[in-house]
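Student: After the structure tokens below, expect a handful of questions from me.
Readers should treat all values here as calculations from the given coordinates under stated rules, not as data from a laboratory. Since this is a predicted model, take the numbers as computed values, not measurements. So basically every Cβ, Gly included, is an ideal-geometry build from the backbone, and we count neighbours across all protein chains shown.
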Amino acid sequence: MIRKRVGWVVASFLVAACASSGGGNNGGTNPWAGKTIKLGAVLSITGAGGVYGPQSRDGMKLAAKQINASGGVNGAMIDLSFEDDASDQATSKAKAQTLIGQNQVVALLGPTLSNSAVAVHPLAETLKTPVLAVSTTGTHLVPDCNWTPANPNPTPCKYVFRDSLGEQTAIPDNIKSYANDAHPKTGVLLVAQDDKFSSDGGKIVQDTVGTYNIQLLKTIPFSKNDADLTRYVTQAVQLNPDVIFITSLGSIPATIMAAARNLGWQGHFLGGNGFNTARVSAQAGAAGRGARSASAWYIGNTFPSNADFVSAYKTEYSKDPDQFAAQGYTGIKILADAARRAKLTFTDVVGDRDKLRTAMESVNIQTPLGQFQFTSTHDVKQTVWIIEMDGNGGFKLDHEIPASK
């Protein structure tokens, strides 16, 4: 079990940036002084989601460190615990259960993967504990967390929130942008059929391509556990499509890109949230050059707090942040802002969870993702960045799509 705590009180050069989340009591005794706000994160540090989870963790740690260094939340310190679910759904649910039941956290962050969220989100809803998704993008996670194909329950979940850009927005925006730029006529879809993120993304691709006059020549399903994807990639390349759509996670997109290039295919790759980290871009290397996706964040965005975030992250970790780091960082800022306004008792954890949930609904803060507010369904409405892999482990910006009004 990987378990870490963040409780630093150190000097920070970003005190001003944290003022909206921190601050003490200037008159009399501060009832929050000496208290802790217990938060828990269930992330995929290892396994298939290990290309995303560590960055989410590092973004969260940085935000907690900054807030605590600036005096905490009204004087209370953030106590942040991490659990590694090893990218496994059952483990993810068990870790969340422990954080809620034994650790008595007032809120959860995570899990990393949509396939785990289908177990964790309903659990948090049942136990009336706020959960903030910081990387999951699949369908029916927010707000209808109890929806299943067998029981399509549309009832909104009150305790489930998300600061990550859903694929229902990201994939259509990406396809539209690419269609406007390149006017592709044909495509093939390679989709991992055995995890929620991938299958949801595949369905969105199928539902979207016709709108932009792209003929989907074939959908080629595969298992994420297949050791060799060559036969699937060969099927796709033999159809000579203009574009290959990939909906999968972990190292699989990079593997597909390399195999297609080795077979001589020269078209473009389009994908989803699984593309949006430097680790995947680096794995793809030159084979991934030009591979496009829609991201919730871009390192060069000019939102007021982004430059400070990027600088602080580089100072802390000696590397650039990515989208997952930005969303994890934002997640802690959101919970700190809500806690500041929630009038927590620190004695009634059940009541404090509900107060925090209510306060989360009215969050309105500046973040590296832009000015952040939840929609009425606890989801995001934000700028979308169309990016492409640069062939050297990074990304370049193609288009900025402003948030809808």
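Student: Could you give me the ³J(HN,Hα) list for segment 40-48, computed from phi with Karplus coefficients 6.51, -1.76, 1.60 and θ = phi - 60°, whole Hz, x at Gly and Pro?
Tutor: x, 10, 9, 10, 8, 7, 10, x, 4
Student: Quick check on the chain: of the DSSP beta bridges with both residues there, what percent are antiparallel, nearest 5%? Intermediate results must be reported in sequence, preceding the final value.
Tutor: On the way: 17 of 50 bridges.
Among the beta bridges of the chain, antiparallel pairing accounts for roughly 35 percent.
Student: Using the beta-carbon distance between Asn225 and Ala182 and R0 = 41 Å, what value does 1/(1 + (r/R0)^6) give for FRET efficiency, to the nearest 0.05? Don't jump to the answer; show the numbers that get you there.
Tutor: Working: r = 33 Å, r/R0 = 0.81.
According to the calculation, E is roughly 0.80.
Student: Now for a different question. Running Debye on the chain with equal point scatterers at the Cα sites and no solvent, what base-10 log of I(q)/I(0) appears at q = 0.06, 0.07 Å⁻¹?
Tutor: Taking Cα atoms of the chain as identical point scatterers yields -0.23, -0.31.
Student: In what order do Lys314, Lys35 fall by count of nearby beta-carbon atoms within 10 Å, going from fewest to most?
Tutor: Values: Lys314 12, Lys35 19.
Least to most surrounded, the residues fall as Lys314, Lys35.
Student: What does the charge count around Val120 come to, taking other residues whose C-beta lies under 9 Å from its C-beta (Lys +1, Arg +1, Asp -1, Glu -1)? Present the calculation step by step, with values, prior to reporting the outcome.
Tutor: Working: positive: Lys93, Lys95; negative: Asp85.
Value of the local net charge: +1.
Student: Let me check I've understood the local charge: for Gly75, count other residues with C-beta under 11 angstrom from its C-beta, Lys and Arg +1, Asp and Glu -1. What total comes out?
Tutor: Taking every other residue near Gly75 into account, the sum is +2.
Student: Please report, largest first and rounded to whole Å, the three semi-axes of the ellipsoid equivalent to segment 297-405, where each semi-axis is the square root of five times an eigenvalue of the C-alpha gyration tensor.
Tutor: Largest first, segment 297-405 gives 30, 17, 10 Å.
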